[in-house]
1. Could you go through the stretch 92-113 and let me know if any residue there is small (Gly, Ala, Ser), more than 24 Å from ALA166 (Cβ to Cβ) and part of a helix (DSSP H, G or I).
2. Can you name the condition, by its number, that CYS78 falls short on among (1) more than 30 Å from HIS236 (Cα to Cα); (2) open to solvent by 30 Å² or more (accessible area, probe 1.4 Å); (3) modelled with pLDDT under 85?
3. Filtering the stretch 122-141 down to residues that are open to solvent by 10 Å² or more (accessible area, probe 1.4 Å), touching a residue at least 40 places away in the same chain (Cβ under 8 Å) and not β-branched (Val, Ile, Thr), which residue is farthest from SER69 (Cα to Cα)?
4. Can we say CYS119 is over 21 Å from CYS283 (Cβ atoms) and surrounded by 13 or more Cβ atoms within 10 Å (Cβ to Cβ)?
5. Does the stretch 142-170 hold any residues that are touching a Gly at 6+ places or on another chain (Cβ under 9 Å) and over 19 Å from ILE65 (Cβ atoms), and which are they?
6. If you check LYS296 against the conditions, is it at pLDDT 75 or above, open to solvent by 60 Å² or more (accessible area, probe 1.4 Å) and over 23 Å from the mean Cα position of the chain (by Cα)?
Amino acid sequence: MFLSTAGTTKLHEARDSWHSGWWITKIFMGIGLMVLPFFIPNKFIEVYGEVAHFGAGVFLLIQLISIISFITWLNDCCRSEKYSERCYIQVTLLSLAAYIVCITGIILMYIWYAPELTCVRNIFFITMTLVLLHLMTSVSLHTKINAGFLTPGLMGLYIVYICWCALRSEPPTEFCNKKAEAAQKEDWLTVISFVIAVLAMVIATFSTGIDSKSFQFRKNEAQSEDDVPYGYGFFHFVFATGAMYFAMLFIGWNSHQTMKKWTIDVGWASCWVRIVNEWLAACVYIWMLVAPLVWKKRETVEST
């Protein structure tokens with residue numbers, strides 16, 4: 001779908017019709033493509049598994065940029081002259097709630113995943129999350145940036161959630177992760193949580209796929225009425241990398257380990273992928289705050 005729709009610019013052309021129609025054909029093709037892997041050599045699946053590691057990382061990066069762009073857009077909208085006075089109370093309450101949830105989540109992670117001082121690794125992960133939250137807030141409140149409390153609060157929710165997912169991905173045999181061992185016994189709860197996670201991921205993938213404007217370098221180009229509303233190729237590229245991400249969840253980001261029954265996204269590889277994703281999220285957010293000052297200073301130096 002990516003190869004056949006990449007570069008589509010106008011509505012009512014053949015590739016536009018292929019993107020939004022031909023559902024009977026796509027259904028039969030989908031069924032065929034689900035059956036096909038059972039008949040192709042295992043070597044091909046192994047090669048796809050190696051490619052999927054890279055594709056899943058690309059998906060996480062795309063989703064991260066999309067989330068930060070949305071948070072930044074929401075903050076700019078609430079701080080604009082049109083809505084600043086009208087949304088002041090709502091923004092204050094939302095920011096306060098975000099920080100309360102962040103601190104509560106960090107405290108609960110200390111209780112659940114660092115019950116003893118010997119849980120050095122988990123204590124480090126959780127403490128780093130607290131440090132990153134403080135760092136993002138400090139940069140956002142700097143006098144030269146003055147981005148307020150809303151964006152670091154929402155980003156704090158994001159990194160706290162990622163840290164929690166990372167700790168849950170630790171093998172249940174770990175002494176510091178007894179909650180995962182208890183959760184494995186509740187098979188029905190695992191299934192329900194997996195279904196909810198799948199639905200949430202599909203929604204996130206769809207919203208990211210149609211948000212191609214966040215990844216354009218030239219955003220001021222005028223659009224005509226017959227232009228496509230979003231990049232079709234980018235939409236299918238995001239879904240392809242999202243499928244690779246799901247593949248990595250099923251095997252715990254390690255194609256050489258055997259997953260136990262009723263487990264998904266469990267293993268040290270999964271844990272470290274989440275942690276690196278959390279640190280990268282904080283770094284990208286801070287860079288998006290600092291970058292305008294850096295470019296402005298560089299332009300000033302070059303002009304003088």
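The values are calculated or read from the model by the stated rules, or taken from the named source; none is laboratory data. What you see is a predicted model, and the numbers here were worked out from it, not measured in a lab. Cβ coordinates were reconstructed from backbone atoms using ideal geometry, including for glycine residues, and neighbour counts include every protein chain displayed. We work out accessible area using only protein heavy atoms, side chains counted, and drop any ligands, DNA or RNA first. Shrake-Rupley method; radii C 1.70, N 1.55, O 1.52, S 1.80 Å.
1. Within the stretch 92-113, the subset small (Gly, Ala, Ser) is 95, 97-98, 105.
Adding the requirement that they be more than 24 Å from ALA166 (Cβ to Cβ) leaves 95.
Pick out the ones that are also part of a helix (DSSP H, G or I) and you get 95.
Checked against the condition, which is being small (Gly, Ala, Ser), more than 24 Å from ALA166 (Cβ to Cβ) and part of a helix (DSSP H, G or I), the stretch 92-113 yields at least one hit.
2. It is condition (2) that CYS78 fails.
3. Among those residues, the one meeting the criterion is MET128.
4. Values: over 21 Å from CYS283 (Cβ atoms): yes; surrounded by 13 or more Cβ atoms within 10 Å (Cβ to Cβ): yes.
When the stated conditions are applied, CYS119 passes them.
5. Across the stretch 142-170, the qualifying residues are VAL160, CYS163, TRP164, SER169, GLU170.
6. Numbers: at pLDDT 75 or above: yes; open to solvent by 60 Å² or more (accessible area, probe 1.4 Å): yes; over 23 Å from the mean Cα position of the chain (by Cα): yes.
Yes; evaluated as a whole, the condition is true for this residue.
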